[in-house]
1. For segment 98-131, which residues satisfy the criterion of being over 13 Å from Leu9 (Cβ atoms), at pLDDT 95 or above and of a type outside the set (A, V, I, L, M)?
2. Anything in segment 135-159 that is of a type outside the set (Val, Ile, Thr) and under 15 Å from Ile29 (Cβ atoms)? List them, or say none.
3. Contact list please: Cβ distance under 7 Å, first residue in segment 73-95 and touching a residue at least 12 places away in the same chain (Cβ under 8 Å), second residue surrounded by fewer than 19 Cβ atoms within 10 Å (Cβ to Cβ) and outside any helix (DSSP H, G or I), pairs at least six apart or on different chains.
4. So which residues in segment 123-146 are surrounded by 13 or more Cβ atoms within 10 Å (Cβ to Cβ), more than 16 Å from the chain's Cα centre (by Cα) and either part of a helix (DSSP H, G or I) or aliphatic (A, V, I, L, M) (or both)?
5. Can you name the residue in segment 153-176 that is among the hydrophobic types (A, V, I, L, M, F, W, C) and crowded, with 20+ Cβ neighbours inside 10 Å and, of all such residues, is nearest to Ser86 (Cα to Cα)?
6. Taking Tyr77 as the residue in question, decide whether it is part of a helix (DSSP H, G or I), among the hydroxyl-bearing types (Ser, Thr, Tyr) and surrounded by fewer than 20 Cβ atoms within 10 Å (Cβ to Cβ).
7. What residue, among those in segment 158-184 that are part of a loop (DSSP other than H, G, I, E, B) and among the hydrophobic types (A, V, I, L, M, F, W, C), is farthest from Leu74 (Cα to Cα)?
8. With the structure loaded, tell me whether Thr146 is in contact with a Phe, Trp or Tyr (Cβ under 9 Å, 6 or more places away or on another chain), within 17 Å of Gly20 (Cα to Cα) and of a type in the set (Ser, Thr, Tyr) or whether it fails that test.
Amino acid sequence: MHNKALKTLFIFNGLFVFAGSLLGPLYAIYVENISKGIFPITLSWAVFLFSTTIFTLVVAKIGDRIKEKEYLLLVGYGIRAIIWFSYIFIQDFYILLIAQFLLGIGEATGTPAYDALFAEHLDGGKHIYEYSEWKIVSNIVLALGTLLGGFIVEKYGFNPLFVFMSILATLSFIGVYLKPRKLL
């Protein structure tokens, strides 16, 4: 890949996606440990999706007025890094619902910003190729992260996983933040 902006996005968002995939399907087990039963798992995920949807509407209204969209991406990375770290301390299901609501804000802020930055830097005549490159990278990263997450939780438990996820998200944040604004 010769496109430096897309390469930068692939590296740092790939690292971020890897961080998120570490929890992947293990999220259900994590919630089960806090609040027994299947419904709390689905409720907590629904709160995340509801929050993501509501705040995506807000981002849709204001996002294009923000000149440097990488700052929205940074907010998304930062919120999610903090929430993932906070999972270590959550013992109460209602606190988890609040965390999921806040996680939705991070998702709603970061994901459209990433997509917008990606679209801005596509090379003419290579849109499907470059989107396909990202899908290949993200699918490989998701698969590897899911496997590693399972290994970490089985061997060491959830807390080290949450610390690792937060560190990776923070590295993504720092990497994007330190890149020259003109690159993204």
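The values are calculated or read from the model by the stated rules, or taken from the named source; none is laboratory data. Owing to the predicted nature of the structure, the values given are computational and were not obtained by experimental measurement. Don't worry about glycine lacking a Cβ; one is built from the backbone with ideal geometry, like all the others, and counts go over all protein chains shown.
1. Scanning segment 98-131 gives Gln100, Phe101, Gly104, Gly106, Glu107, Thr109, Pro112.
2. Passing the criteria: Gly149, Gly150, Phe151, Glu154, Lys155, Tyr156, Gly157, Phe158, Asn159.
3. What qualifies is Phe93/Ser35.
4. Listed by number, the residues that qualify are Glu130, Tyr131, Glu133.
5. Looking at the filtered set, the residue picked out is Phe162.
6. Answer is no for this residue.
7. Leu183
8. no
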